[in-house]
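The values are calculated or read from the model by the stated rules, or taken from the named source; none is laboratory data. Just so it is clear, the model here is predicted, and its values are computed rather than measured. Positions of Cβ are generated from backbone atoms using ideal geometry, with glycine treated the same way; all protein chains shown enter the neighbour counts. All accessible areas refer to the heavy atoms of the entire protein, side chains included, with ligands and DNA or RNA removed. Shrake-Rupley method; radii C 1.70, N 1.55, O 1.52, S 1.80 Å.
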Amino acid sequence: MDCIFCKIVAGQIPATLLGETEHSIAFKDISPRQPIHILVVPKTHHSNVADLAFEDPTGLVDLVQLGSKLAAEYSTGSFRLSFNTGIEAGQSVFHAHGHITSNTPKNQ
Ligand code: DGP
């Protein structure tokens with residue numbers, strides 16, 4: 001399968017990694033839309049967050065926990081966690097991922 005996030009998980013293409021658990025990794029979005037823009041990604045391939053919820057609910061909880069910890073670390077604590085699901089909703093990478101975005105970095 002030609003999946004860019006599977007390749008990042010496998011270390012085959014570079015990314016700025018910010019955190020990792022047994023089930024999930026987090027890295028900086030390549031095109032940040034806010035001062036903080038982190039992607040949280042399951043290590044196993046699921047097409048979107050809905051599939052992840054049914055196929056690996058433990059993995060979804062882990063992903064939300066990792067994203068929340070990083071949001072607390074990098075932002076003042078106010079953040080958005082969003083999952084584009086489906087092409088018409090703006091999903092462009094079909095490996096489940098959450099966007100952690102915040103416009104209030106911790107050091108400001
Ligand atoms: P979405 O549109 O919701 O599927 O979000 C996909 C995000 O992934 C988008 O904000 C850009 C980001 N992205 C795409 N390719 C790469 C990549 O190779 N590296 C990194 N770090 N982010 C990527």
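Quick look at the numbers
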quantity	calculated
Rel. contact order, % - alpha carbon contacts under 8 angstrom, at least six apart, the chain	31
Selected from T104, G90, L66, residue furthest toward positive end of dipole (the range 8-108; charges at beta carbon)	T104
For the chain, accessible area per residue (1.4 Å probe, heavy atoms of protein chains only), Å²	58
Cβ-placed point charges (K, R +1; D, E -1), dipole of the chain about Cα centre in debye, nearest 20	440
Helix 57-74 axis, angle to the chain major axis (alpha carbon atoms, nearest 10°)	20
Whole-percent carbon and sulfur share, accessible surface of the chain, 1.4 Å	53
Rg in Å to one decimal, and Dmax rounded to a whole Å, for the chain via C-alpha atoms	13.0, 42
Loop-located trypsin sites (Lys or Arg not before Pro) in the range 16-108, at most 16 other Cβ atoms within 10 Å (DSSP)	R33, K106
Residue-averaged 222 nm ellipticity for the chain, from DSSP H runs of 4+ at -39500 (n - 2.57), nearest 500	-8500 deg cm²/dmol
